[in-house]
Each structure stands twice: as structure tokens, then as C-alpha cells.
Amino acid sequence: MSRPRPEPVQVVKQRRDAALNALVHGVPYIQFLGIEFDRRGDELTAILPFDEKLIGNPFLPALHGGVTAAFLEVTAIIGLSWSLWWEEMESGRIDPAALDPAQMPRLPKTIDFTIDYLRSGLPRDAYARARVNRSGRRYASVHVEAWQDNRARLFAQGTGHFLMPRRDD
């Protein structure tokens with residue numbers, strides 16, 4: 001009895017990248033801000049490329065506080081959704097190749113989101129990572145950290161609580 005051959009790594013990577021792109025491109029506000037996601041295995045890093053429209057105070061210049069808040073919240077929601085999707089994909093319960101944007105699962109809804117502005121966001125690219133502290137059937141808690149040049153020098157961090165979509169949605 002022979003085992004089936006595993007899929008080539010490139011095929012698996014393309015399928016996972018397509019699932020992430022479908023998840024991210026389903027939200028127009030993410031496109032407006034220009035947020036991108038870099039995937040390494042099951043870990044996501046959000047990237048906010050610098051753009052003049054993101055500046056809130058042109059005299060400093062500094063990123064707008066609302067842009068920083070949106071960047072952290074988007075990172076938390078996509079990170080939480082991706083952690084759920086990752087489990088589903090790895091277990092074989094969903095086939096990311098069969099998903100189209102019209103059939104995407106619903107995203108978690110924000111209950112509350114608290115942001116700590118630690119320093120001004122400079123006019124350069126920003127990065128963020130989310131860590132899911134708790135994820136249950138109805139509720140999830142996520143912590144997000146954002147930095148620019150040095151991962152150890154955060155310019156903002158946030159904690160959010162989310163209402164999870166029902167599985168039958």
C-alpha cells in the first residue's frame with residue numbers, strides 16, 4: 001500500500017496566499033489605506049506603506065491617529081480571521097482554492113478596541129503583528145503591536161475584543 005504523494009510546496013503556498021488575498025481584498029477600506037500582509041507560515045505581518053494622504057499633522061509630520069487606530073484594528077481582525085482560517089485549511093475542512101470573494105466567511109465584529117499611542121508615527125512604512133490571546137465560539141481577545149524602524153520601539157499598541165461570527169453564517 002502506497003501513500004499519496006504530498007503536494008508540491010509551491011502549490012500549497014499559492015493556495016494559502018490566494019486565501020489570504022481573498023480575505024484582505026474583500027474589505028475596501030484595507031485597499032484605501034494600502035495595507036498589505038506578509039505571510040510566513042501561519043504568522044502575518046501587516047504593512048502600512050507610507051503615503052502622503054496618511055499624514056495627520058504636516059508640521060511634524062506624523063501619521064494621523066485615526067490611520068494608526070485603523071491599521072491596528074485591521075491587523076487584529078485579519079490576524080484573528082487568519083488564525084481561524086489556518087486551522088480550517090490545515091485540517092482540510094475548507095478548500096481555499098474553492099473560495100471566491102462572494103462566499104467568504106464573515107469577519108469578527110469589534111466590541112471594543114483600546115489604543116495606546118506611545119510616540120508619533122513617522123512618515124515611513126509601519127508594521128504590525130497581532131497575537132490572539134483568547135478565541136472562543138463567541139468572543140476573542142487580540143493584542144496588536146505596531147512599529148516602524150525597530151521592532152523593539154513600538155509607536156502604538158492596542159487590545160481589542162471581538163464578537164465571533166456564528167459558524168452557520
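Looking across Trp82, Trp86, one residue alone is among the aromatic types (Phe, Trp, Tyr), surrounded by 12 or more Cβ atoms within 10 Å (Cβ to Cβ) and at pLDDT below 80. It is Trp86. Asp125 satisfies every condition listed in (1) among the acidic types (Asp, Glu); (2) in contact with a Lys or Arg (Cβ under 8 Å, 6 or more places away or on another chain); (3) in contact (Cβ under 8 Å) with a residue 40 or more places away in the chain except (2).
Looking only at the stretch 140-151, decide whether some residue is more than 19 Å from Asp38 (Cα to Cα) and assigned to a loop (DSSP other than H, G, I, E, B). Among the residues of the stretch 140-151, not one is more than 19 Å from Asp38 (Cα to Cα) and assigned to a loop (DSSP other than H, G, I, E, B), which makes the answer no. If I filter the stretch 121-137 down to residues being farther than 19 Å from Val74 by Cα and out of contact with any Pro (no Cβ under 7 Å at 6 or more places or on another chain), which single residue comes out as surrounded by the most Cβ atoms within 10 Å (Cβ to Cβ)? Among them, the one singled out is Leu122.
Results for (1) surrounded by 15 or more Cβ atoms within 10 Å (Cβ to Cβ); (2) in a helix (DSSP H, G or I), shown as yes or no for each residue.
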site: Gln10; (1), (2): no, yes
site: Gln14; (1), (2): no, yes
site: Ile30; (1), (2): yes, yes
site: Arg39; (1), (2): yes, no
site: Gly56; (1), (2): yes, no
site: Leu60; (1), (2): no, no
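Here the condition is being under 24 Å from Arg106 (Cβ atoms) and in contact with a helix residue (DSSP H, G or I) (Cβ under 6 Å, 6 or more places away or on another chain); of Asp42, Asp17, it holds for Asp42 alone. Cβ-Cβ distances below 6 Å connect the following pairs, each with a first residue in the stretch 16-28 that is surrounded by fewer than 19 Cβ atoms within 10 Å (Cβ to Cβ), a second residue that is at pLDDT below 85 and part of a loop (DSSP other than H, G, I, E, B), and a separation of six or more residues or different chains: Ala22/Leu99; Gly26/Met104.
Scanning the stretch 89-118 for residues that are modelled with pLDDT of 90 or more and among the hydroxyl-bearing types (Ser, Thr, Tyr) gives Thr110, Thr114, Tyr117. Return yes or no: is Ala128 at pLDDT 95 or above and closer than 22 Å to Asp51 by Cα? Judged against the criteria, Ala128 is a match.
The values are calculated or read from the model by the stated rules, or taken from the named source; none is laboratory data. Keep in mind the model is a prediction, meaning the values are calculated, not measured. We place every Cβ from the backbone using ideal geometry, glycine too, and count neighbours over all the protein chains shown.
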